[in-house]
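Remarks on the structure that follows.
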Amino acid sequence: MILKSQLCKIQVSLIAVTLAGAAFAARAGSIAVPDTQTEWAQVPKILKRIVPPKFPTRNFVVTNFGAVADGRMDCTVAISNAINACVQAGGGRVVVPAGEFLTGAIHLKSGVDLHLATDAVLRFRTDPMAYLPVVFTRFEGTECYNYSPLIYALGQKNIAVTGDGTLDGQADEANWLAWKNSAARAKLVKMAEDNVPVEQRQFGEADYLRPDFIEFNRCQNVLIEGVKIRRSPMWEIHPLLCTNVTVRGVNIVSHGANNDGCDPESCRDVLIENCLFDTGDDCIAIKSGRNDDGRRVGLPSVNLVIRDCTMRDGHAGTAIGSEISGSCSNVFVENCEMSSPNLKCALRLKSNAVRGGVLQNIFMRNVNVGQVSDSVLQIDFLYEEGTNGLYKPVARNVAMENVTVAQTPRVLNVRGFPGAEISAVRIYNSTFKQVAKPDIVQDADVKLVNCSLEPAN
């Protein structure tokens, strides 16, 4: 129950929220300055290491290699031949000119920038056979061999997808999205639990595990810039075990199941900026592998900067997890705009006692939120398997500051459990309006400092 004293706007220096009371205790005092300056001082050092690749000024136009812009002819071979010619020449741009081109899987190689000109559209075939043979990948954080992502690279250096054109996966309920409840998902998880060698985790025809749209696996110096992404089979942009990644100015509108916007997984030094995310799942979801498979590989996601992005529909503006068994640290989110009746929360951390992982040094500031449907901050350590495991998750040193929210059911939805750790979580100098419900804080150290709350009624 919301207390009568909460019916007017309150300014507080400290609001301690507890599950037992489901109430706010206020204490007057001077404006607090969040002690995050040292952490934010790391950002310029991180950005200095993130340098987009540059390419020779050589163009290889796919129509010169047999591609036809009629939207019907399969241009897969022509695009592949253009990529090979570009590599043989020492690198450059493979250009998709204006028009509609139909293609299957595109595999990029070192030194190649796949560039979509204005009014260029690459439409990807929905026949699964166009994405065979299978390739080495991860499906929701577990290593396996599966259908090729629509655009894929493995172990390459200096690669890019750029331009003003459109990538259209053509996914709908008649093809890829119909696979969303595939039994093969549980089969793969069981294989990992049983320590089946990765080489034997073969999936593909008749297994119905969807491919990602763009996956760069174990690559260095990656740039994805400017393109529009529509109708993805699953995750849209998936840098996996990469270093030096820039995702800039990308426009993503794709509302299928599990249509995460960008999922950096076990990556280091990542910049995501000036992007639009309007998705069927988390707008950005940082990951590092699932369960024992993630712990076996053992590479965390580290040093990620997210700034000047717009988030609309989605489960979270920025999420960390749930496939986070390899841990995550040093995430900086700033100057973003978020709003949608279908956006659940601004910041979301999710794990459980099977996935575990240490999620630490997570910072968000100067974010303007119009509307969310659940809470501003959600930490869910009871996600899926919940407490039924041996690897207690940890969330520590999480700070949000200067966050303005026009409408939210509640500020906090934080659910831990004994043995897990949720500590030093703070929200500073922020304003929350139209708050309709009391916060949920369970087995966690969470405080609001110098925050203003306006109840809905």
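Return the FRET efficiency for the residue pair Gln371, Asn457: r is the Cβ-Cβ distance, R0 is 22 Å, and the value is rounded to the nearest 0.05.
Details: r = 17 Å, r/R0 = 0.77.
Rounded to the nearest 0.05, the efficiency is 0.85.
For each of Lys228, Lys157, count neighbouring Cβ atoms within 10 Å of the residue's Cβ, then give the residues from fewest to most.
Details: Lys228 18, Lys157 15.
So the residues, fewest neighbours to most, are Lys157, Lys228.
Where does each of Ser327, Ser254 land when they are ranked from fewest to most other beta-carbon atoms within 10 angstrom?
Details: Ser327 24, Ser254 27.
Going from least to most buried by this count: Ser327, Ser254.
Using unit Cβ charges (K, R positive; D, E negative) and no other charged atoms, how large, in debye to the nearest 20, is the dipole of the chain about its Cα centre?
It works out to roughly 900 debye.
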Checklist line | Simple label model, 7 Å out from Cα along Cβ direction - Thr126 to Val68, nm | finding: 2.3 nm
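Can you give me the relative contact order of the chain as a percent, contacts being Cα pairs under 8 Å and 6 or more apart?
Details: 1461 pairs, mean separation 56.0, N = 457.
After rounding, I find 12 percent.
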Next item on the list: Using the structure shown, select from Lys287/Lys344; Lys54/Lys157; Lys187/Lys350; Lys48/Lys228; Lys228/Lys287; Lys350/Lys447 the pairs with a Cα to Cα distance greater than 21 angstrom.
Entry: Lys187/Lys350; Lys48/Lys228; Lys228/Lys287
Notebook entry, point to check: Here are some values of semi-axes √(5λ) of the Cα gyration tensor in Å: (1) 44, 32, 20; (2) 38, 27, 19; (3) 40, 23, 20. Which one was computed from this structure?
Noted result: (3)
Check: Between Lys190 and Arg218, how many nm apart are label points set 7 Å from Cα along the C-beta direction?
Finding: 2.9 nm
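If we sort 371-377, 54-60, 141-147 on the protection proxy, mean other Cβ atoms within 10 Å, highest first, what's the order? All intermediate terms of the calculation are to be shown ahead of the outcome.
Working: 371-377: 22.1, 54-60: 15.1, 141-147: 24.1.
The packing order, highest mean first, is 141-147, 371-377, 54-60.
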Item checked: Full-extension gain in nm, Asp308 to Asp443, via 0.36 nm per residue minus C-alpha separation -> 45.3 nm
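What net charge is computed for the residues neighbouring Ser351, neighbours being all others with C-beta under 12 Å from the C-beta of Ser351, Lys and Arg scored +1, Asp and Glu -1? Write out the running numbers ahead of the final one.
Numbers: positive: Lys287, Arg290, Arg348, Lys350, Arg355, Lys392, Arg415; negative: Glu323, Asp380, Glu384, Glu385, Glu421.
With Lys, Arg at +1 and Asp, Glu at -1, the neighbours total +2.
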Next item on the list: Please give, to one decimal in nm, the separation of the simple spin-label points placed at Glu385 and Thr431, each 7 Å out from Cα toward the Cβ.
Entry: 4.4 nm
Item checked: Difference of contour (0.36 nm per residue) and Cα-Cα distance, Lys45 to Glu337 -> 102.7 nm
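Here, each number is a calculation from the coordinates, and none is a lab measurement. Model, not experiment: these values are computed from the prediction. Counting neighbours? That spans all protein chains shown, and the Cβs are built from the backbone with ideal geometry, glycine included.
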